[in-house]
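All remarks here apply to the structure that follows.
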Amino acid sequence: MRKSLRGVFTGSLAVILAFSGALVAGAESQDTEGRLPGDVLAAMQRDLGLDAEQANRRAVQQEAADRLDDVLKARLGAAFGGAWFDGASGKLVVGVTDANRADAVTAAGAQARVVKHSENHLEAVKAELDALAGGKGDAKRKAAPGQADKAAVAGLTSWSVDPVANTVTVTALKGAKGLKTLAKYGDAVRVETTDAEPQTTAFLDGGDDLNYPSGGCSAGFNMRNTGTGVRYVLTAGHCGAAGSVVRGQGSVVIGSVEAAFFPSYDDALIRVTNTGAWTQGPWVDVNPPNGGVVVVSGHSDSPVGTAICKSGRTTKLTCGAITAKRQTVTYTGGLTVYDLTRHNACVEPGDSGGSNYRNSGTRTAEGVTSGAQLYSVGGRNRCGQVVGVANVSWYYPAALSVPYYQATYGATLW
């Protein structure tokens, strides 16, 4: 039976929590300087249609675009109309509301596009919709949201600022009553319709590696407090309640959930207490639970268009591109989560909590899997590509999780 509750936790490790002395990777899956590891390269070729040289080149281009995104946003101020990575040109594209600022964008190494709406204006529209859904609180403090007017956004399953379209793009169920709320925003809002309601990607079948009393999920990233030596694992908040005991492969205890947040947010921190049985490091498994590994260092918050890969129990290693940032999503049961990153890699039940990371010169943590639009096929919930439609998946950003857990528990990525 499926649930969309904070007590559901299904899947296996996406980060490596290996038995001490165990072989954690074959030589073919280790990092090679300046090139993508073989498993990651194969997944990017399969899922993104890139050949080896294109994939390696894109990794370098994305890192440069990510740095430039922050610089130009600050430099353009109120004239900034959003930015995204264009895979075809290998460059960052930046929207500007003032044509006189376009030359400055070009001089910095990006492509300029003159747009009507500033990012600030579109963020204000999104903020009004967020307030109707209950408001997103404060991710830095995990503050509770406000009072919702659910009728005003009924049937609207997600929305976010879309820099490519220069709108707030809203996804709605057909015939949604909340559509009338959008009329006053004019061309600042664009509507897409869907038949599939978003779902968190956990189930109650138990898991191979990371099990709670109520089920299992996939783990995200190893963390530690370098001052005290306490070790942690970052994963999804909907997977298990605080205080729950977590077990790994062979039903060996890993530790217990130190903190978990869902809905509004979707992240959790597991405290690893059985350190004698588990070895941790900056590793992500590319074929959970016993595949090769890649090293992930630090975290990023990359622009739309950036290629990412994710690891999880069910679909293993899959890759795609970021399609929306800071998206508000209402899952089945009316559970709303704010600030999710949407992408188009395949995600299915059991992948919740798994690692999502950017493949650039340095692999960086992007977030932990939250959910997806799923379709029933032969009694199983499957990702969109199985039924011939685009994948729609989400992760909760590491850029929000890591600062909170560092401030509260002194935990940093490995």
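Under 21 Å Cα-Cα from residue 140, which lysines qualify once same-chain neighbours fewer than 8 residues away are excluded?
Straight-line reach from residue 140, under 21 Å: 126, 325.
Mind listing P(r) for the range 298-373? All alpha-carbon pairs, 5 Å bins, whole percents.
Distribution as computed: 4, 17, 28, 26, 18, 6, 1, 0, 0 percent.
From the list [x] 19.3; [y] 20.6; [z] 24.0, can you say which value of mean projected area of the Cα convex hull in nm² was derived from the structure given?
[x]
What per residue convex hull volume, in Å³, comes out for the range 59-114 when only alpha-carbon positions are used? Could the numbers behind the result be given before it?
On the way: hull volume 3.4 nm³, N = 56.
Considering the Cα atoms of the range 59-114, their hull volume per residue is 61 Å³.
Quick one: 121, 299, 238, fewest Cβ neighbours within 10 Å first, how do they rank? Walk me through the intermediate numbers first.
On the way: 121 17, 299 22, 238 33.
The order, fewest Cβ neighbours first, is 121, 299, 238.
Going by amide H atoms built from the backbone, whose H comes under 5 Å of the H on residue 113, apart from near neighbours?
Counting only residues 5 or more places away or on other chains, the set is 94, 95, 96.
Hey, rough spin-label estimate for residue 193 and residue 362, points 7 angstrom out along Cα→Cβ, what's it come to in nanometres?
4.7 nm
Please give the net charge around residue 100, taking every other residue with its beta carbon less than 15 angstrom from that of residue 100, where Lys and Arg add +1 and Asp and Glu add -1.
Values: positive: 75, 101, 113; negative: 98, 103.
After counting each charged neighbour, the total is +1.
Would you kindly derive the ³J(HN,Hα) couplings of the range 307-316 from the backbone phi angles with the Karplus curve 6.51 cos²θ - 1.76 cosθ + 1.60 (θ = phi - 60°), listing them in order in whole Hz, with x for Gly and Pro?
Listing the rounded values in order: 6, 10, 10, 9, 10, x, 4, 7, 9, 6 Hz.
As a test of understanding, state the convex hull volume per residue of the range 29-144 from its alpha carbons, in Å³. Intermediate values should be presented prior to the final figure.
Values: hull volume 19.6 nm³, N = 116.
Here the figure is 169 Å³ per residue.
Give me the percent of DSSP beta bridges within the range 202-413 that run antiparallel, rounded to the nearest 5. Show your work: numbers first, answer last.
On the way: 57 of 59 bridges.
Percentage antiparallel, nearest 5: 95.
May I ask you to compute the full-extension gain from residue 245 to residue 165, defined as 0.36 nm times their residue separation minus their alpha-carbon distance, rounded to one decimal in nm?
Numbers: separation 80, 0.36 × 80 = 28.80 nm, distance 4.51 nm.
Taking 0.36 nm per residue and subtracting the Cα distance, the gain is 24.3 nm.
222 nm [θ] for the chain, helices only, -39500 (n - 2.57) per DSSP H run of 4+, per residue, to 500?
Details: 5 runs with 69 residues, N = 414.
Calculated from helices alone, the mean residue ellipticity at 222 nm is -5500 deg cm²/dmol.
Grab the beta carbon distance between residue 149 and residue 73, set R0 = 35 Å, and tell me the FRET efficiency rounded to 0.05. Each step should come with its number before you reach the end.
Working: r = 31 Å, r/R0 = 0.90.
Between residue 149 and residue 73 the formula returns 0.65.
Would you work out if the range 62-209 is rounded, prolate or oblate? Take a ≥ b ≥ c from the square roots of the eigenvalues of the alpha-carbon gyration tensor; rounded if a/c is under 1.5, else prolate when a/b is larger than b/c, oblate otherwise.
On the way: a/c = 1.97, a/b = 1.49, b/c = 1.32.
Prolate shape, in that a/c is at least 1.5 and a/b is the bigger ratio.
So what does the Cα-only Debye profile of the range 86-129 read at q = 0.15, 0.16, 0.18 Å⁻¹, as log10 I(q)/I(0), no solvent term?
Taking Cα atoms of the range 86-129 as identical point scatterers yields -0.45, -0.50, -0.60.
Mind checking the full-extension length gain between residue 256 and residue 225? Use 0.36 nm per residue of separation minus the Cα-Cα distance, one decimal, nm.
Gain on extension, residue 256 to residue 225, equals 9.5 nm.
Which of the helices in the chain, when you take each full DSSP H run, stretch at least 27 Å along the axis at their Cα atoms and have an average Kyte-Doolittle score of -1.0 or higher? Mind dumping the intermediate values first?
Working: long enough: 52-76 (35 Å, -0.91).
Passing helices, by number: 52-76.
Please list, short to long, the whole-number percent of alpha-carbon pairs of the range 202-413 in consecutive 10 angstrom bins beginning at zero.
Per 10 Å bin, starting at zero, the Cα-Cα P(r) for the range 202-413 comes out as 9, 39, 39, 12, 1, 0 percent.
Report the full-extension gain for the segment residue 127 to residue 297: residue separation times 0.36 nm, less the Cα-Cα distance, to one decimal in nm. Show your work: numbers first, answer last.
Values: separation 170, 0.36 × 170 = 61.20 nm, distance 3.21 nm.
Taking 0.36 nm per residue and subtracting the Cα distance, the gain is 58.0 nm.
What is the order of 366, 53, fewest Cβ neighbours within 10 Å to most?
Working: 366 27, 53 8.
Listed from fewest to most nearby Cβ atoms, that is 53, 366.
With the chain treated as a Gaussian network of Cα nodes joined by springs under 10 Å, which of 305, 378, 240 yields the largest mean-square fluctuation?
The residue that fluctuates most here is 378.
Exceeding 30 Å between C-alpha atoms, which entries from my cross-link table qualify? They are 116/310; 116/177; 91/184; 116/174; 174/316. Walk me through the numbers on the way to the answer.
Numbers: 116/310 35 Å; 116/177 28 Å; 91/184 35 Å; 116/174 28 Å; 174/316 33 Å.
Exceeds cut-off: 116/310; 91/184; 174/316.
We did not get these values from a lab; they are worked out from the coordinates using the rules stated. No experiment lies behind these values; they were computed from the predicted model shown. Using ideal geometry, Cβ is built from the backbone for each residue, glycine included, and neighbour counts are taken over all protein chains shown.
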